[in-house]
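K.L.:
Sharing a structure with you now.
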Amino acid sequence: MSLAAQVGIRLGTLALDAALTAEDGETVAILGPNGAGKTTLLRGLAGLAPIDAGAITIDGIRLDDGGGVFVPPERRPVGVVFQDYLLFPHLSVLENVAFGLRSRGTGRGAARARATAALERVGLAALGSVKPRELSGGQAQRVALARALVTEPRLLLLDEPLAALDQTTRANVRRDLRAQLGAFGGVRILVTHDPRDAAALADRLVILEAGRVVQSGTFADVSAHPRSEYVADLVGMNLLRGTARGDRVELPNGATLIAAAAGAGDVFAVVHPRSVSLHRDHPTGSPRNVLGGRVETIDATSDRVRVGIGGPVPLVAEITPASLHELGLIEGTEVWASVKATDVTIFPA
Amino acid sequence: MSRRGRRTPWFAIAIAAVGFAFITLPLVGLIQQVSWGSLVDDLRTPEARAALRLSLVCSVWAAALAMAFGVPLAWVLARVEFRGRAVARALVLLPLVVPPVVGGVGLFYAFGRNGLIGQYLWDWFGIQLTFSTAGVVMAETFVALPFVVITVEAALRGMDRRYEEAATTLGARRSTVFRRVTVPLIAPGLVAGAALAWARALGEFGATITFAGNIQGRTQTTPLAVYLLLESKPEIAIGLSIVLLTVCVAVLAVLRDRWLGAG
């Protein structure tokens, strides 16, 4: 176990009490609404907010136990990418990246050499001498990442690393970020409120609500079986990875899905369960996607029922209990699912 | 005037003009008294040169001391939470409003030869601050210190402390954070504080003459010389006044353009 944390922090009305474990090479996304305690959890891990109860252990070394043990942030093997990156405005890009090395006692020349190499790895070697205010949002994000990683931490914390970016750069930066995270061998913890970031970047999801972990697991697990309506609304979407060719998304098993907008390359296709209609007989009409399958799961959450359909294109449909009754669906029933092309949105993976 | 906008009431303009004239007329009065032809010679007289040299030395020392004590003081007031912080801040800023002559009397009974601390300085070390150049520096520091505290504390409160947190997560110890992040980020406040403190020290009169006296070459700074010479040698007094005025205008211009933001 590389990171084992039980973080209890009281802060105003927030009572955070969350358990979190992660292995080397794993990216865990912490997802939740505003005020759920996501950033406070990161601050606890970084040592910026001492915990009131619990324990934080990295590689078997206790960093904080809410009592006698507290390793201050400057001595933790933790790198942080902050929400608006917080690049020091008075230092050049290279000096920003070298800051951590200089603070830890590396000589000027060696620090500059290593910082230059780190900038090369994120493709910004040419911008070493400029000031952060001259960078684009995506460039600033890469510099922040290089700065956090140059000291070779064991744990990397990213607080909403894509929130400061506009939608068009976001997809590209997200793809770059995934490659960069893949090159870092330690534990990565990512805070986000955007399920697409979690889907594209994380191996595992931890959903935080009012300071508590309400659910955790892979994106597929959580989105297929959301345990609360909040989770269902947040991540309870059908997320299918495939290759876009024009308006067709080809899934790895050969099945295709038709979307209204064209895409290219590696993409996620998103279909909200409410957009999936179920039929006992092959339907005719406008929906471009009509997919055969078999009912695999039926989850009832209050006034809605989520029906999992197995088949070439696995989908979850959200219907009312009345529809479920009328269609007479039970596990194993053969059904047709229809989805309008306009309800299939795609975004680059 | 825009036809769509409301008309500016004429009486407001009239009163504002009176106020403006009230501030500027004394400057005009001073400037029209200057005998420009002999200005350089007037400033070369022994009295003027001694006063200017002493003022320069003492005000630079005072500004440096005000920074040396004022920056840590501002940091404590901005960052350390303790009981009575509001009272402590009010006391530190007191010299801004207390009549300087009262400050001078206070300094006399604290650091004078019979003062609270001054008696021991005299008995144990033979140090006498009254009627000495060091006394001038002390009087000037006393009135200049609040300017440093007020500007630097505002800068510390106004800066984004998350930069300091970012530095901490990068492995910087407290002293490194202060030196490499805090100080550069509040640099405008530091410069403004130093400049205001220096200008205030340069013009200091009341506390200086009360505490340090009026000895030419030792404690007679430029403002004291102006006061003393106005009767006997008005052309030198006016020349020195012009120097002080020019310096103050220059400080204001620098602060306004670079740090305070032009209106």
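What follows is calculated from the coordinates using simple rules that are stated; it is not laboratory data. For clarity, every value in this text was computed on a predicted model and none was experimentally measured. Glycine gets a Cβ as well: all are built from the backbone with ideal geometry, and neighbour counts include every protein chain shown.
K.L.:
Just to be sure I follow: if Rg is taken over the C-alpha atoms of region A:81-203 and Rh is the Kirkwood radius over the same atoms, what is Rg/Rh?
P.N.:
Working: Rg = 13.8 Å, Rh = 14.5 Å.
With Rg and the Kirkwood Rh in hand, the quotient comes to 0.95.
K.L.:
Round to the nearest 10 and give me the degree value, 0 to 90, for the angle of helix A:137-149's Cα axis relative to the longest principal axis of chain A.
P.N.:
The angle comes out near 60 degrees.
K.L.:
Can you give me the orientation-averaged projected area of the convex hull built on the Cα atoms of region B:124-186, in nm²? Walk me through the intermediate numbers first.
P.N.:
Values: hull surface 26.8 nm².
So the Cα hull casts an average projection of 6.7 nm².
K.L.:
Hey, how many Å between the Cα centroid of region B:223-248 and the Cα centroid of region A:152-187?
P.N.:
Going from one Cα centre to the other spans 66 Å.
K.L.:
Can you check what the net charge comes to around residue B:58, using other residues whose Cβ is under 9 Å from the Cβ of residue B:58 (Lys, Arg +1; Asp, Glu -1)? Mind dumping the intermediate values first?
P.N.:
Details: positive: none; negative: B:140, B:204.
Counting the neighbours of residue B:58, the net charge comes to -2.
K.L.:
How large is the convex hull of the Cα atoms of the protein assembly as shown per residue, expressed in Å³ as a whole number?
P.N.:
270
K.L.:
Let me ask something else about it. If you take each beta carbon of peptide B:173-181 and count the beta carbons of other chains within 10 angstrom, what is the mean?
P.N.:
3
K.L.:
What FRET efficiency comes out for the pair residue B:123/residue B:31, r = Cβ-Cβ distance, R0 = 30 Å, nearest 0.05?
P.N.:
Details: r = 51 Å, r/R0 = 1.69.
Here the calculated transfer efficiency is 0.05.
K.L.:
Still on this structure, I have one more. Going Cα to Cα from residue B:233, which lysines come in below 25 Å? Please leave out same-chain ones fewer than 8 positions away.
P.N.:
Output for residue B:233: empty list, no partners.
K.L.:
A follow-up question, please. Under DSSP H, which helices of chain B have Cα atoms covering 27 Å or more of the helix axis and a Kyte-Doolittle average no less than -1.0? Mind showing how you got there, number by number?
P.N.:
On the way: long enough: B:10-33 (34 Å, 1.84); B:46-79 (48 Å, 1.20); B:133-158 (37 Å, 1.45); B:234-254 (30 Å, 2.41).
TM-like helix candidates: B:10-33, B:46-79, B:133-158, B:234-254.
K.L.:
Another one. Taking 7 Å along the Cα-to-C-beta vector as the label spot, tell me the residue A:15-residue B:113 distance in nanometres, rounded to one decimal.
P.N.:
Distance between the two pseudo-spin positions: 7.1 nm.
K.L.:
Residue B:40 to residue B:20: extension gain in nm, 0.36 nm per residue of separation minus the Cα-Cα distance? Kindly include the intermediate steps, with their values, before the conclusion.
P.N.:
Details: separation 20, 0.36 × 20 = 7.20 nm, distance 3.08 nm.
Extra length available between residue B:40 and residue B:20 comes to 4.1 nm.
K.L.:
Enumerate by residue number the trypsin sites (Lys or Arg not before Pro) in region A:261-325 meeting two conditions: DSSP loop (anything except H, G, I, E, B), and at most 14 other Cβ atoms within 10 Å of the site's Cβ.
P.N.:
Working: sites: A:274, A:280, A:288, A:294, A:304, A:306; in loops: A:280, A:288.
Counting only loop positions with at most 14 other Cβ atoms within 10 Å, the trypsin sites (Lys or Arg not before Pro) in region A:261-325 are A:280.
K.L.:
Still on this structure, please answer the following. Quick one: which residues, 5 or more positions from residue A:276 or on another chain, have an amide H under 5 Å from its amide H? H modelled 1.01 Å from N in the peptide plane, none for Pro or chain starts.
P.N.:
Amide H to amide H, under 5 Å and 5 or more residues apart or across chains, residue A:276 pairs with A:318.
K.L.:
As an exercise, use a Förster radius of 22 Å and the Cβ-Cβ distance of residue B:162 and residue A:75 to find the FRET efficiency, rounded to the nearest 0.05. Mind dumping the intermediate values first?
P.N.:
Numbers: r = 20 Å, r/R0 = 0.89.
Taking R0 as 22 Å, the efficiency between residue B:162 and residue A:75 is 0.65.
K.L.:
I'd like the FRET efficiency for residue A:300 and residue A:133, computed as 1/(1 + (r/R0)^6) with the beta carbon distance as r and R0 of 56 Å, rounded to 0.05. Show your work: numbers first, answer last.
P.N.:
Working: r = 53 Å, r/R0 = 0.95.
About 0.55, to the nearest 0.05.
K.L.:
Moving on to the next point. Using amide H atoms built 1.01 Å from N in the peptide plane, name the residues 5+ places from residue A:186, or on other chains, whose amide H lies under 5 Å from its own.
P.N.:
A:25
K.L.:
Okay, moving on. Considering only the other residues whose Cβ falls under 14 Å of the Cβ of residue B:234, what net charge follows from Lys and Arg at +1 and Asp and Glu at -1?
P.N.:
Net charge around residue B:234: -3.
K.L.:
Testing the spin-label approximation: label points 7 Å from Cα along Cα→Cβ at residue A:228 and residue A:260. State their distance in nm.
P.N.:
Inter-label distance under the simple model: 3.2 nm.
K.L.:
Need one number for region A:27-66: average projected area of the convex hull over its C-alpha atoms, nm². Walk me through the intermediate numbers first.
P.N.:
Details: hull surface 13.1 nm².
Dividing the Cα hull surface by four gives the mean projection, 3.3 nm².
K.L.:
Can you run phi through the Karplus equation (6.51, -1.76, 1.60; θ = phi - 60°) for region A:309-317 and list ³J(HN,Hα) in whole Hz, with x for Gly and Pro?
P.N.:
Per-residue couplings from phi come out as 10, x, x, x, 10, x, 9, 10, 10 Hz.
K.L.:
If packing is taken as the mean number of other Cβ atoms within 10 Å per residue, what is the order of A:188-199, B:96-107, highest first?
P.N.:
Details: A:188-199: 23.1, B:96-107: 16.6.
Ranking, from highest mean packing down: A:188-199, B:96-107.
K.L.:
While we're looking at this one, here's another question. Would you mind counting up the charge near residue A:244? Only other residues with Cβ under 13 Å from its Cβ, with Lys and Arg at +1 and Asp and Glu at -1. Don't skip to the end; give the middle numbers.
P.N.:
Numbers: positive: A:241, A:245, A:248; negative: A:247, A:250, A:266.
Overall, the nearby charge balance is 0.
K.L.:
Could you grab the relative contact order for chain A? Cα pairs under 8 Å, six or more apart, rounded to a whole percent. Working shown, then result.
P.N.:
Numbers: 776 pairs, mean separation 54.7, N = 349.
Once normalised by length, the contact order is 16 percent.
K.L.:
Residue by residue through region A:180-194, which ³J(HN,Hα) values in whole Hz follow from phi under the Karplus form 6.51 cos²θ - 1.76 cosθ + 1.60 (θ = phi - 60°), with glycine and proline marked x?
P.N.:
5, 5, x, 7, 9, x, x, 8, 10, 10, 10, 9, 8, 10, 9
K.L.:
Please work out the C-alpha center-to-center distance from region B:71-93 to region B:172-219 and express it in whole Å.
P.N.:
17
K.L.:
Please average, across the residues of B:159-168, the number of beta carbons from any other chain that are within 10 Å of each residue's own beta carbon, and give a whole number.
P.N.:
On the way: counts 0, 3, 0, 5, 6, 1, 9, 16, 7, 10.
Mean inter-chain Cβ contacts per residue within 10 Å come to 6.
K.L.:
Right, something else. With only alpha-carbon pairs counted, each pair once and no self-pairs, how large is the Kirkwood hydrodynamic radius of chain B in angstroms? Present the calculation step by step, with values, prior to reporting the outcome.
P.N.:
Numbers: mean 1/r = 0.0476 Å⁻¹.
This gives a value of 21.0 Å.
K.L.:
Return the long-range amide H neighbours of residue A:11 (sequence gap of 5 or more, or a different chain), with a cut-off of under 5 Å between placed amide H atoms.
P.N.:
A:16
K.L.:
Further question: What percent of all Cα-Cα pairs in region A:282-349 falls into each 5 Å bin, going from 0 up to the bin containing the maximum distance?
P.N.:
4, 16, 24, 24, 19, 9, 3, 1
K.L.:
Taking N as the number of residues in chain A, what value does Rg over Cα atoms divided by 2.2 N^0.38 Å take?
P.N.:
Details: Rg = 22.8 Å, N = 349, 2.2 N^0.38 = 20.4 Å.
Taking the Cα Rg and dividing by 2.2 N^0.38 Å, one obtains 1.12.
K.L.:
Filter the chymotrypsin sites (Phe, Trp or Tyr not before Pro) in region B:75-165 to those in DSSP coil with at most 13 other Cβ atoms within 10 Å of their Cβ, and list the result.
P.N.:
Values: sites: B:75, B:82, B:108, B:109, B:111, B:120, B:122, B:124, B:125, B:131, B:142, B:147, B:163; in loops: B:82, B:131.
Within region B:75-165, the qualifying chymotrypsin sites (Phe, Trp or Tyr not before Pro) (loop, at most 13 other Cβ atoms within 10 Å) are B:82.
K.L.:
Straight-line reach from residue A:131: which lysines fall under 19 Å, measuring Cα to Cα and dropping same-chain residues less than 8 apart?
P.N.:
none
K.L.:
I want to check the label-to-label distance for residue B:187 and residue A:322. Put each point 7 Å from Cα in the C-beta direction and report it in nm to one decimal.
P.N.:
7.0
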